[in-house]
1. Just name the residue that is surrounded by the fewest Cβ atoms within 10 Å (Cβ to Cβ) out of those in the stretch 108-123 that are of a type in the set (S, T, N, Q) and in contact with a strand residue (DSSP E or B) (Cβ under 6 Å, 6 or more places away or on another chain).
2. Name, by its number, the condition in (1) over 29 Å from T330 (Cβ atoms); (2) crowded, with 17+ Cβ neighbours inside 10 Å; (3) modelled with pLDDT of 95 or more; (4) not charged (D, E, K, R) that does not hold for S311.
3. Can D303 be described as surrounded by 15 or more Cβ atoms within 10 Å (Cβ to Cβ) and out of contact with any strand residue (DSSP E or B) (no Cβ under 8 Å at 6 or more places or on another chain)?
4. Please find, among R352, R335, the residue that is touching a helix residue (DSSP H, G or I) at 6+ places or on another chain (Cβ under 8 Å), of a type outside the set (S, T, Y) and surrounded by 15 or more Cβ atoms within 10 Å (Cβ to Cβ).
5. Cβ contacts < 8 Å: first residue within 25 Å of D271 (Cα to Cα), restricted to the stretch 284-306; second residue among the basic types (K, R) and not in a strand (DSSP E or B), any location; separation 6+ or different chain. Result?
6. Within the stretch 281-297, work out how many residues are over 15 Å from the mean Cα position of the chain (by Cα) and farther than 24 Å from W328 by Cα.
7. For P120, which of the numbered conditions (1) farther than 30 Å from H345 by Cα; (2) modelled with pLDDT under 85 fails to hold?
Amino acid sequence: MTLPIDSQIQSAILQQQWALLPRLLRQYQHDPALYHYALAAYYFNTLQYDKAILHYQTLLDLHPEVIYPRFDMAVIFFENYQYLQAKQQFERLMLKADGKLKTLIEAYLQEIKHRQQWQPYVNFQYVKTDNVNNASSEREITINGKLLVKDEESLPQSAQGVRYAFELERIKNITGNHFWQTTLGYNGVYYWDNQYYNEQTLHFSLGYMWRDAQFIGKIIPFVEQNWFGVHRYNHQFGVKLFSQIQLSEHWLWQNRLANMRKHYADTSLADRYNGNENTVSTTIIWQDNTHWQSWLNLELVSDRLKEKSSSSLKWASGFGIAYYQKQWGTQINVRYIDRHFADHHYLMHLKRHDREYQLNGTIWYQKLSWKGFLPQLHIRYQRINSNIPAFYSRKNQELFFTIEKQF
């Protein structure tokens, strides 16, 4: 016995037979409320949120008193990052809801409030490095036929210390899918056995973000002040552009553009290194619904400085893979960088060319966490092969722990 078409539609919704639903709806025009409710459910579950909202709104115009379709529409607003509209609908429902539905609505309202508050982030790392000054290990240099021998301070130096980061970020919904994003950060590294190389950075940014369930777009102006040791080293400012597109259930595509202007405090450094840095990068990310994630990245960086021999064009490519479980996780990332300098070196009669190799690995175990602070073990390896090896070829190895908490 064939069920009436409206019963088939209701059954398809309950059994989540979304591929069947459009065919059934083409045969049905009797009850506008059921028609729009079914289409809204179909578009919601196929991630076409704008169309789902349109049909829910049409249904509510016909029957403004119904509760659960309004709740469904509020949830779509929430999942589509339209927090103000979601809040408006949830608060309207609170006047009628009771029991479990009221508790659920209160949870959504609390989450909307939490997501738009200031979000603190804290990170501490124990750092041990065998080349804190990024120096070549070659002791002898030949310049214009003369052999020079480096002193101990010009060779790689080891250091131990703490790297730290504190950050406050707030993302505030203005209207619809429009947001302000504000970030204030302070980070640095303190070496207790080699304090000359201590570093600090103060960062501030305020920008615009568009976000929905499928796309993120940002324009973020920023400014930074850097210290080396106890002295102001340089400040820099610029703008960053970012986009992220959800290509499918498993694939993400991210793109970044940045322009940064560098200004050095010391006149001798400013005469050489003041200038612009432009960056463009693209990353494709694959993630399954359980434990695995991998990514491939390509990047181009152009440094245009006052001193042409220090200006460069840098290509980079990277690949990473991560595995996450409830109790533990690990990730590894490899990166290759090819850097060409624009003019002859000020001492050598050739243009500098560096090839850089990087390896980064991380592992953590959730049972070691305490009150949200999660310890992680990291290993980092860097090797640079330069055609001016006495100055620029080097390697650096670090083994360090981090403890971080995102509130």
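1. Per the stated criteria, the residue is Q119.
2. (3)
3. no
4. Of the residues listed, the single one that is touching a helix residue (DSSP H, G or I) at 6+ places or on another chain (Cβ under 8 Å), of a type outside the set (S, T, Y) and surrounded by 15 or more Cβ atoms within 10 Å (Cβ to Cβ) is R352.
5. Qualifying pairs under 8 Å: L305/R272; K306/R272.
6. 0
7. So P120 meets the others, but not (2).
Rundown of residues vs (1) touching a residue at least 40 places away in the same chain (Cβ under 8 Å); (2) surrounded by 17 or more Cβ atoms within 10 Å (Cβ to Cβ); (3) of a type in the set (A, V, I, L, M); (4) in the same structural domain as F78 (by TED's automatic domain parsing), yes/no style:
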position	(1), (2), (3), (4)
N173	yes, yes, no, no
L184	no, no, yes, no
G207	no, yes, no, no
Q214	yes, no, no, no
Y233	no, no, no, no
F237	no, no, no, no
E249	yes, no, no, no
N255	no, no, no, no
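The values are calculated or read from the model by the stated rules, or taken from the named source; none is laboratory data. Quantities reported herein were computed from a predicted structural model and do not represent experimental measurements. A quick note on method: Cβ atoms are made from the backbone with ideal geometry, for glycine too, and the neighbour counts reach across all protein chains shown.
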